[in-house]
Amino acid sequence: SNGKINIAIDGPAGAGKSTIARMVASALSYIYVDTGAMYRAVTWYMIQHGIEPDEEQEVLQTAQNLVIQLIPGVDGQKVLVNEENVTTLIRSLAVNAKVSRYAQIEGLRTQLVSLQRQMALRKGVVMDGRDIGTTVLPDAEVKIFMTATVQERARRRYMELKDSVSITLEQLEHDIAARDHLDEQREISPLRQADDAIWMDTTEMNTLEVTEAIVSLAQRSGWREESK
Ligand code: CDP
Ligand code: CDP
């Protein structure tokens, strides 16, 4: 092996998954894979083409012909759909409101999961999402279930959005709770902690503290792997 491991980070919206995954990847010189961006990219495309989440066959046929690319870069990850740069477009409130409904479609999940597994074959990947530890990479050497109170998660999102989008803290808290509910209750690969995942409540931790904790787990796990 190349001495590298895979790290899976799951948890609800606003827990800090993508921020921390990016920081951990940078500290270890690993590749960051944002699986939420893939569900968002599909959602953005379906909205553009007026295809509703209950039109499952239409969604699946359309998704099969999409080329979704995650391109790591110095100023963050770029997301392309059929070569169009949708990096900022997939963060819109319209996508937020609908993504969890498309993400319930079994065939769509199968398609994206297979792409995600391919990206992790050579190890050295930090992948975040909802079902990474349970379904996508059940053999990941380090699994984290990251969470924080819904109030803190909404507050974090509010701090990011308040200067650019007209939305209240209450509205954000409501949106996040609704999305969490759909993600936890869906039939296929719901959001839940893998049996062997480490639970991290980050409500009172800053990003550096969380990053250091995970990097240290990764380093210890790497040593174990090498001494086998
Ligand atoms: O960044 P945030 O936590 O708001 O969400 P995200 O990670 O970008 O994911 C957006 C949505 O995609 C989630 O609410 C899920 O419905 C879906 N998703 C999923 O079902 N499985 C994943 N592995 C990643 C995201
Ligand atoms: O990916 P996810 O939805 O889980 O969360 P995120 O987009 O990484 O984090 C949401 C916001 O919370 C970002 O602005 C982070 O900088 C911030 N954050 C924080 O203040 N403290 C943490 N321990 C983790 C994230």
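Report every pair of residues separated by at least 6 positions or lying on different chains whose Cβ atoms are under 9 Å apart, first residue within region 156-182 and at negative phi and in contact (Cβ under 8 Å) with a residue 40 or more places away in the chain, second assigned to a helix (DSSP H, G or I) and of a type in the set (Phe, Trp, Tyr).
Once the first residue is at negative phi and in contact (Cβ under 8 Å) with a residue 40 or more places away in the chain and sits in region 156-182, its partners that are assigned to a helix (DSSP H, G or I) and of a type in the set (Phe, Trp, Tyr) give 167/158.
Go through region 1-51 and count every residue that is assigned to a helix (DSSP H, G or I), more than 10 Å from ligand 1 (Cβ to nearest atom) and either touching a Pro at 6+ places or on another chain (Cβ under 6 Å) or not hydrophobic (A, V, I, L, M, F, W, C) (or both).
Adding up the residues that qualify gives 4.
Quick one: in region 187-221, of everything that is out of contact with any helix residue (DSSP H, G or I) (no Cβ under 9 Å at 6 or more places or on another chain) and at pLDDT below 95, which residue is farthest from ligand 1 (Cβ to nearest atom)?
Per the stated criteria, the residue is 220.
Give the residues of region 121-137 that are buried (at least 21 other Cβ atoms within 10 Å of the Cβ) and part of a loop (DSSP other than H, G, I, E, B), sorted by residue number.
Those that are buried (at least 21 other Cβ atoms within 10 Å of the Cβ) and part of a loop (DSSP other than H, G, I, E, B): 130, 131, 137.
Please go through (1) within 15 Å of the chain's Cα centre (by Cα); (2) without any contact (Cβ under 8 Å) to a residue 40 or more places away in the chain for residue 118 and return the number of the only condition it doesn't satisfy.
Unmet for residue 118, out of (1) within 15 Å of the chain's Cα centre (by Cα); (2) without any contact (Cβ under 8 Å) to a residue 40 or more places away in the chain: (1).
Go through the residues of region 143-161 one by one and say whether even a single one is surrounded by fewer than 23 Cβ atoms within 10 Å (Cβ to Cβ), of a type in the set (D, E, K, R), more than 24 Å from residue 33 (Cβ to Cβ) and modelled with pLDDT of 95 or more.
yes
Given the residues 81, 74, 95, which is the only one that is away from ligand 1 (no atom under 13 Å from the Cβ) and buried (at least 17 other Cβ atoms within 10 Å of the Cβ)?
81
Got a number for residues in region 187-220 being of a type in the set (S, T, N, Q), touching a residue at least 60 places away in the same chain (Cβ under 8 Å) and assigned to a helix (DSSP H, G or I)?
Total meeting the criteria: 2.
Just to verify a result, which residue in region 69-94, among those that are more than 16 Å from the chain's Cα centre (by Cα) and part of a helix (DSSP H, G or I), is nearest to residue 105 (Cα to Cα)?
94
Scan region 71-92 residue by residue and report those that are of a type in the set (A, V, I, L, M, F, W, C) and touching a residue at least 40 places away in the same chain (Cβ under 8 Å).
79, 81, 86, 89, 90
In contact with a Ser or Thr (Cβ under 6 Å, 6 or more places away or on another chain) and within 16 Å of ligand 2 (Cβ to nearest atom) - does that describe any residue in region 38-58?
Scanning region 38-58, I find no residue that is in contact with a Ser or Thr (Cβ under 6 Å, 6 or more places away or on another chain) and within 16 Å of ligand 2 (Cβ to nearest atom), so the answer is no.
When the residues of region 174-186 are narrowed to those that are part of a helix (DSSP H, G or I) and not acidic (Asp, Glu), which ends up nearest to ligand 1 (Cβ to nearest atom)?
Among those residues, the one meeting the criterion is 179.
Filter region 80-126 for residues that are of a type in the set (Asp, Glu) and within 22 Å of residue 54 (Cα to Cα) and give the result.
106, the sole residue that qualifies.
Inside region 138-173, can you point out the residues that are closer than 29 Å to residue 196 by Cα, acidic (Asp, Glu) and outside any helix (DSSP H, G or I)?
Scanning region 138-173 gives 139, 141.
Among 60, 66, which is surrounded by fewer than 21 Cβ atoms within 10 Å (Cβ to Cβ), outside any helix (DSSP H, G or I) and within 16 Å of ligand 1 (Cβ to nearest atom)?
Of the residues listed, the single one that is surrounded by fewer than 21 Cβ atoms within 10 Å (Cβ to Cβ), outside any helix (DSSP H, G or I) and within 16 Å of ligand 1 (Cβ to nearest atom) is 66.
For the structure I just gave you, tell me whether residue 118 is within 30 Å of residue 61 (Cβ to Cβ) and assigned to a helix (DSSP H, G or I).
yes
The values are calculated or read from the model by the stated rules, or taken from the named source; none is laboratory data. Only a predicted model underlies this, so the values are computations on that prediction, with no experimental measurement involved. We place every Cβ from the backbone using ideal geometry, glycine too, and count neighbours over all the protein chains shown.
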